[in-house]
Every structure is written in structure tokens, then in C-alpha cells.
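Trainee: Below is a structure I'd like to ask you about.
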Amino acid sequence: MTATMTPADARRDKRSARRIDHPHLAERTAAGRAARSAAPRSSFGGWTPASGRPDPVGLLEAESAARVPELVPIRYGRMLVSPFTFYRGAAGIMAADLAPLPTAGLNVQLCGDAHLSNFGGFAAPDRRLVFDLNDFDETLPGPFEWDVARLAASVAVAGRARGSDRVERGAALRRCLASYREAMHEFAGMRDLDVWYARLDADEIMRRWGTTIGSEDKKAFRRTVAKARGKDSVRALSKLTHIKDGEVRITSVPPLIVPIRELFADQDREALEAALRGHYDEYRSTLEGSIRHLVEGFRVVDIARKVVGVGSVGTRAWIVLLLGRDDGDPLFLQMKEAESSVLEEHLGRSRFTAHGRRVVEGQRLMQAASDSFLGWFSAVGPDGVRRAFYVRQLWDQKGSAEVEAMTRARFEGYAEMCGWTLARAHARTG
């Protein structure tokens, strides 16, 4: 048992270790066919608000109650930019709308927020650039339909944001859902190990979708890849820090990046800084042994609060600058608060009491290749409240697509890539 596994987690792990059934292929096929009667495809052809539907604004305000008060207006401001940015921050609203709908009873590990902008590129441990889901704050086991609906609706909303007419939106949506369906059919006939190792890297993307886009779109893709490859901890060092009194320090850019020394009075700052440094040791205990050995060669130099994302704004997120052999050997980690998933109110509590662990375990299940530095811990803040966090690298060749600015061909191809990727994540975990 690691230092961060609570007794409750240990009991739940023991329960989850019970005997697992292994039904024959024919039995699984029959169960899949029977599921159609529980939730026929026609039941997903439209949507109307349920009676007693919760007020969407009220749901957002409830989420904001536990967040950093001065950052909440930034969250609302980012959501107000367009219908698509509002949608990005409205996972809780959509979960409430999905909860009354029928499901087939086929559960997977859900991303919980599988919209178009939560897919992207990043460096796998073997340093190849891969494309995958990249946000797991809401991950939880549940009905596969919820992720599919979240992705499909994002195609429609993003299509409107980029000025697509109804015909173009319909074409992109059909390609996205056909890709999910066809990929799931393909994965169903594959060996389990082949499904587990399947992934999309930059070369595979061009092989699969390069013929569907023009030369300008291919150039744009290559620029995106090149930009992502240059986005690493060395680049972050040059962009996010400065030298003061001979020491490397994170540059203050309030309210988006604020060093810990500017946020609290000396006594509170010293207490929080000591707590974060202490829990950094706790985080290391959740890493695989060889990565823990690597991380132990780095020392903590500076810590700052950073505003991240759209829906996540207001949660407590810290960036930590570490240095290895010298000042030119940086590692940036992000420590992000993990609240309860917005799905838990409808699907039941996670089996992990530590929400940082819930996020990490879900991410490791769904991604074909995960950040080697993923880990978790919990800490008590200056207000006396204990909060859960998960840890990952801040920049590791991370690339994201600006879906609103894509050409029609790129938008449709991107929607298709996301459909394939979601199917692979579900096939790994169902």
C-alpha cells in the first residue's frame, strides 16, 4: 500500500479483486444484441428537456462555490466567448441532461468530458507524438453513450461556431459517429493485446487521413506537429521564467500566473510552500520505480498558481519548476486540484476516495500512452481544507487544434479522428 492509498481505497481495491467472469465471445455478442431492446437506437434520435430539469446557471454556480473566488469571473468570461466555449465548460450541465435517458447497460471508463477540444497531441514515453484524449478531470465508469453524445454534440456546436451550415455540420457529425462505430466493430474482432497497443501517432494520422485533405491542410498539420514538438520544459523555462538575484524564478503574469510568494503573507506562504514540498514526496511514492528515481534527481525551485482551461478555471492549479543537473535542465510539473466528478451525482461515487487517483487511474486506462510523471497526492491548504491533486508534466510536446479555424476538410477529418480515438479508449476499458 502506498502512502497515498487510504484504508477506504484499500477496501475498495480488495472488493474489486473479486472473481471476474470471462464470458465466451458468443455470449458477449448475444448480450450486445439484447442491449438494443433496452435502449433502441431510435431513442437517441432527439432530445427534449426533462421535467424538473435543473437550472443550468444554478449548476454552474454550485460548481463555482468551492473554487477560488477571484478566478470564477475568468471562468465565466472564457465560457462567454462563444457557444462552443460555453459548451466546453458545461460538462455538469450535460451530465444532468443525459442522466434521465435510457442506456444499453454497456459500461466503459468514461472520459466524462469528451468534446473536440479535449483531444490533442502529446509526446508518448517513447517520444513519438501521439493523438489521444487529454482531459480526465471527470473520468468515471459509466454508459458509453454519454461520451459519444458529448463528442457528437461538440461537433455540432463547434460547427456552428466556425460558421458551418447544416449540411457541413451533418457531414462532419456522420463522419465522426461512423468512425466510432466502424472502429468499435474493428476492435471487437481484434485480440485484446492488439486493442491495448493500438494508437494514433503523427505518421498514422497522415496515412489514414492524408488523402482526404488538400496540400494546404497538410502543411497546416505539419506546422501543428512542429509547434508541438518544440513545446517542452526547456521552452517553458524560456517563456515562463526570469533570473532574479542569480536564481531562476517563475514570472508573475497576474491573474493567470502568480508565484506563491505573491499570493500569501509570509507565514501562510511558508506553510503552504512547505506543505506542497512535503506532498511532493507523497506524489513521488505514486510513481513507477524508475520514474521515481529520475524525479528524485530534481529539486523544487519555485511554485506558482496558474489558471488553466475553461471549465477548470477556479480550481487550484499549481505549476512547479524543478531543476536537475543545472539551471538548463528543467522539469515543469502541474499540480491540479481534482474535485469530485460531475458524473458522480448521477452514476454513483468513484471507488477511489482520492480524486487525484481517480483521474490518474482513468487516464492510464483510456490513453494508449500516458505521461510517465502522472501521480497524485492530497494536501491541506491555508484555509484548513484538505484537497486532492493530480500531477502531470506542464508542457510535453502538447498540441491542440483550433477547431473553429479549420477548413471544412480538416474539421471533418479531425472529427473522424476523435471518433476513432474515443472508440479505442472505450474498447480498452469496456
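The values are calculated or read from the model by the stated rules, or taken from the named source; none is laboratory data. Here the structure is a predicted model, which is why all the values come from computation and not from measurement. Neighbour counts run over all protein chains shown; Cβ positions are idealised from the backbone, glycine included. The protein model used for the area step is the full one, side chains on, heavy atoms only, and it has no ligands, DNA or RNA in it. Shrake-Rupley method; radii C 1.70, N 1.55, O 1.52, S 1.80 Å.
Trainee: Mind checking region 104-194 for trypsin sites (Lys or Arg not before Pro) that DSSP puts in a loop (not H, G, I, E or B) and that have at most 15 other Cβ atoms within 10 Å?
Mentor: Counting only loop positions with at most 15 other Cβ atoms within 10 Å, the trypsin sites (Lys or Arg not before Pro) in region 104-194 are ARG127, ARG128, ARG191.
Trainee: Same structure, new question: Please say if region 207-316 is rounded, prolate or oblate, where rounded means a/c under 1.5 for a ≥ b ≥ c the square roots of the C-alpha gyration tensor eigenvalues, and otherwise the choice is prolate for a/b larger than b/c and oblate otherwise?
Mentor: prolate
Trainee: Quick one: Cα centre-to-centre distance for region 160-179 and region 235-269, in angstrom?
Mentor: If you average the Cα positions of each part, the centres end up 43 Å apart.
Trainee: Just to be sure I understand the model, the point goes 7 Å from the Cα along the line to the Cβ. What's the resulting ALA31 to ARG191 distance in nm?
Mentor: In this crude label model, ALA31 to ARG191 measures out at 2.3 nm.
Trainee: I'm spelling it out carefully: the read-out is Rg/Rh (Cα atoms, Kirkwood Rh), the candidates are [x] 1.04; [y] 0.98; [z] 0.96, and one was derived from this structure. Which label?
Mentor: Label of the calculated value: [z].
Trainee: Follow-up. Output the DSSP H helices from the chain with an along-axis C-alpha extent of no less than 30 Å and a mean Kyte-Doolittle hydropathy no less than -1.0.
Mentor: Counting only whole DSSP H runs, the qualifying helices are 166-188, 408-429.
Trainee: Considering only DSSP states other than H, G, I, E and B, which GluC sites (Glu not before Pro) in region 283-359 qualify as loop sites with at most 14 other Cβ atoms within 10 Å?
Mentor: GLU288, GLU296
Trainee: Can you give me the solvent accessible area of HIS279 with a 1.4 Å probe, rounded to the nearest 10 Å²?
Mentor: 40
Trainee: Pop out the ³J(HN,Hα) list for region 129-137 in order, Karplus 6.51 cos²θ - 1.76 cosθ + 1.60 with θ = phi - 60°, rounded to Hz; leave Gly and Pro as x.
Mentor: Along region 129-137, the couplings run 7, 10, 10, 6, 4, 9, 9, 9, 4 Hz.
Trainee: Keeping the other protein chains in place, figure out the carbon and sulfur percent of the accessible area of the chain, with a 1.4 Å probe.
Mentor: With neighbouring chains kept in place, the figure for the chain is 54 percent.
Trainee: If you don't mind, there's one more thing I want to ask. Between beta-carbons, use under 13 Å as the cut-off and find the net charge around GLY430, counting Lys and Arg +1, Asp and Glu -1.
Mentor: That works out to 0.
Trainee: Let me know the charge dipole size of the chain about its Cα centre in debye, to the nearest 20, where only the beta-carbon of Lys, Arg (+1) and Asp, Glu (-1) is charged.
Mentor: The calculated dipole for the chain is roughly 960 debye.
Trainee: Between LYS227 and GLU288, how many nm apart are label points set 7 Å from Cα along the C-beta direction?
Mentor: Distance between the two pseudo-spin positions: 3.1 nm.
Trainee: Please give the per residue accessible area of region 97-195, computed with a probe of 1.4 Å over protein heavy atoms only, in Å².
Mentor: For region 97-195, the per-residue accessible area is 41 Å².
Trainee: Treat region 262-354 as a sphere of radius equal to its Kirkwood radius over Cα pairs and apply Stokes-Einstein at 20 °C in a medium of 1.002 mPa s; give the translational diffusion coefficient in µm²/s, rounded to a whole number.
Mentor: 139
Trainee: Counting only pairs 8 or more places apart or on different chains, how many lysine pairs in region 182-277 have C-alpha atoms closer than 23 Å?
Mentor: 6
Trainee: Here's something else I'd like to know. Please sort by residue number the trypsin sites (Lys or Arg not before Pro) in region 305-405 whose DSSP state is loop and whose Cβ has at most 12 other Cβ atoms within 10 Å.
Mentor: Filter output for region 305-405: ARG325.
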